[in-house]
Every structure is written in C-alpha cells, then in structure tokens.
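A quick write-up on the structure given underneath.
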Amino acid sequence: MIRQILSFLAGFAVFLFLPISSTAQQSQAYVKGVNEVVTLPSSTLNEDRTILIHHPAIDSANPNKAYQVLYLLDGESHFNLLSQYADYLSRWDVDVIPELIIVGIVNTKRARDLTPSESIFNYYGKPDTTTGSYIRPSGGNGKFLQFIKEELMPYVESHYKT
C-alpha cells in the first residue's frame with residue numbers, strides 16, 4: 001500500500017511540474033526606439049568623437065513631431081540603460097516623461113573634458129610632477145563645452161527633429 005502511494009505521489013509530482021517546462025518562453029532583447037552610432041569630427045577638440053544617439057521610431061500619425069534632447073556624458077557607461085528607462089517612462093500607459101532623443105557622448109579623455117582647470121595635484125592631494133598621470137591632461141572643460149555647443153548640438157538639430 002505504501003509503495004502504491006509513493007508511486008502515485010511521484011507520478012503526480014512529474015505531472016504537476018510538466019506544464020512549467022512546456023510553457024517557458026525565451027526572453028527577447030528589449031528594443032523600442034532606434035539606436036545609431038555616429039563619428040563626429042571635432043575641430044574644437046582636434047579629434048573624432050563617437051556619439052551614441054537613441055531616438056523614438058517615426059510616428060506615422062505625426063511624422064513632423066519634434067522631440068526634446070537629453071545630452072548624456074559618459075555615454076559608453078549609461079546610454080543603454082538610460083535609453084530603456086526613457087522608453088519605458090514615455091510609454092502611453094506610464095506617460096511620466098515625453099519621448100526623448102538621447103545623445104550619449106563617449107569619453108576619450110574624461111579628466112581633460114570634465115575638469116575646469118589644470119590639476120597640479122595627484123589623486124592623493126600631493127603635487128603631481130609626473131607626466132603620465134591619469135589626471136593629466138586636465139582643464140579642457142571649456143573646449144569640451146564649446147564642442148557640445150558649437151558642433152554637437154547643431155549636428156543633432158540638423159539631423160533629427162528637435
């Protein structure tokens with residue numbers, strides 16, 4: 001009798017878990033908008049800059065719709081996540097923010113581009129006399145902001161509906 005009960009319970013357990021394995025679905029990558037990678041030559045910075053651009057798909061009901069633009073520093077680190085957040089938060093059923101064009105600026109020399117003045121100190125606050133420090137060169141923030149204002153923003157405005 002015990003043997004029959006154990007056989008029944010084993011068969012019932014297999015039957016119980018069978019639907020779970022048969023209804024499992026593969027997850028698919030999330031893609032809503034359009035992502036582009038652009039190489040923009042900069043005469044201000046004397047280098048080519050990689051720009052990541054995410055924009056909503058063209059709305060066939062309103063093809064002339066203009067979008068706000070969000071410029072993102074450290075684009076290589078935060079672009080994908082921010083694009084997905086923006087797409088989610090602008091969905092019709094969430095509707096917290098408007099649809100956006102996201103422009104991610106990929107770093108080439110972060111310490112140079114994001115510091116307003118030349119650093120004479122190292123990471124530990126002591127005078128920096130080395131030439132190979134990762135903090136050097138610094139103090140290029142003025143040119144970086146000029147690049148954004150005079151080269152990047154006009155490029156985005158001329159190629160996308162802003």
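Could you identify the single residue in 148, 101 that is at pLDDT 80 or above, closer than 23 Å to residue 37 by Cβ, in a strand (DSSP E or B) and among the aliphatic types (A, V, I, L, M)?
101
Give me a count of the residues in the range 46-62 that are in contact (Cβ under 8 Å) with a residue 12 or more places away in the chain and either touching a Lys or Arg at 6+ places or on another chain (Cβ under 6 Å) or within 22 Å of residue 145 (Cα to Cα) (or both).
Residues meeting the conditions: 7.
Quick check: anything in the range 104-120 within 22 Å of residue 159 (Cα to Cα) and touching a residue at least 60 places away in the same chain (Cβ under 8 Å)?
no
Keeping to the range 69-98, report how many residues are free of Cβ contacts under 8 Å to residues at least 60 places away in the same chain and outside any helix (DSSP H, G or I).
13
Just to be sure, is residue 111 modelled with pLDDT under 95, of a type in the set (A, V, I, L, M) and loosely packed, with under 15 Cβ neighbours inside 10 Å?
no
Could you list, in sequence order, the residues of the range 82-108 that are crowded, with 16+ Cβ neighbours inside 10 Å and of a type in the set (D, E, K, R)?
Scanning the range 82-108 gives 87, 99.
How about the range 63-83: which of its residues are in contact with a Lys or Arg (Cβ under 8 Å, 6 or more places away or on another chain) and of a type outside the set (Ser, Thr, Tyr)?
64, 65, 66, 74
Scanning the range 18-60 for residues that are surrounded by 10 or more Cβ atoms within 10 Å (Cβ to Cβ) and more than 30 Å from residue 90 (Cα to Cα), which turns out modelled with the lowest pLDDT?
Within the range 18-60, the match that is modelled with the lowest pLDDT is 18.
The values are calculated or read from the model by the stated rules, or taken from the named source; none is laboratory data. In this text, all values refer to a predicted model and were calculated from it rather than measured experimentally. Neighbour counts run over all protein chains shown; Cβ positions are idealised from the backbone, glycine included.
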